[in-house]
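**Student:** Please read through the structure below; I'll follow up with questions.
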Amino acid sequence: MQRVSENDTVTIVYDGLLSSGEKFDSSQDAGPLQFQLGTGGVLPAFEQAVLGMTPQETKSINVAAKDAFGLKNEDLIMTVSSQGFAGQPLAPGMIIGMNMEQDGQQHKIPATVLAVEAETMTVDFNHPLAGQDITYQITLLSIDTPVAEAAGCACGTSSTGNNSGCLPNRGCGCA
């Protein structure tokens, strides 16, 4: 049976859970996730877990905070002026976009409001899941091996049998 290897494109369904069991993300919301291994499109620990899986296999992985969304950095919790948000209701727990300058350019950075005072607010620029260990439940639906690696075929056939790129008489044995 085929197993996931480097550079394969895979399609999976997954649930992301906090240590409390609360679901923070799920492919049920947006449909199956497809990504190519080795491109940095998902967390490295997530990608490592998918390596070696077979279609229809389900796996549960625990990812430590440092390997997920990072440890909480107290230096990213700041008290700033709330003047730029005059007229907007601000409350703890809200995620707001704040303009920050980096390398001479303005960037909009998400921040979680922690506290609101008369003229200031305390905001947290850490990722909302920073400092939290997480669990992913992953089911592999399919594997698509890049054409260059498809066994015995040099004309466009993938390991899924899609030979839309095949041309007859190429001598590769698939058309």
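The values are calculated or read from the model by the stated rules, or taken from the named source; none is laboratory data. Computed from a predicted model, the values in this text were never measured in an experiment. Heads up, the Cβs are rebuilt from the backbone with ideal geometry, glycines too, and the neighbour counts pull from every protein chain shown.
**Student:** Against the condition in contact (Cβ under 8 Å) with a residue 12 or more places away in the chain, surrounded by 13 or more Cβ atoms within 10 Å (Cβ to Cβ) and not polar (S, T, N, Q), how does Ala45 come out, does it pass?
**Tutor:** Answer is yes for this residue.
**Student:** List the number of the failed condition for Thr54; all other conditions in (1) closer than 30 Å to Val123 by Cβ; (2) not in a strand (DSSP E or B) hold.
**Tutor:** Of (1) closer than 30 Å to Val123 by Cβ; (2) not in a strand (DSSP E or B), only one is false for Thr54: (1).
**Student:** Met100 versus (1) assigned to a strand (DSSP E or B); (2) surrounded by fewer than 15 Cβ atoms within 10 Å (Cβ to Cβ); (3) within 18 Å of the chain's Cα centre (by Cα): which is the lone unmet condition?
**Tutor:** For Met100, the exception is condition (3).
**Student:** OK, next. Which one of these is surrounded by 12 or more Cβ atoms within 10 Å (Cβ to Cβ), touching a Gly at 6+ places or on another chain (Cβ under 7 Å) and among the aliphatic types (A, V, I, L, M): Leu18, Leu71?
**Tutor:** Leu71
**Student:** Something else: Exactly one condition in (1) among the charged types (D, E, K, R); (2) closer than 29 Å to Ser19 by Cβ; (3) at pLDDT below 95 is false for Glu57; which is it?
**Tutor:** (3)
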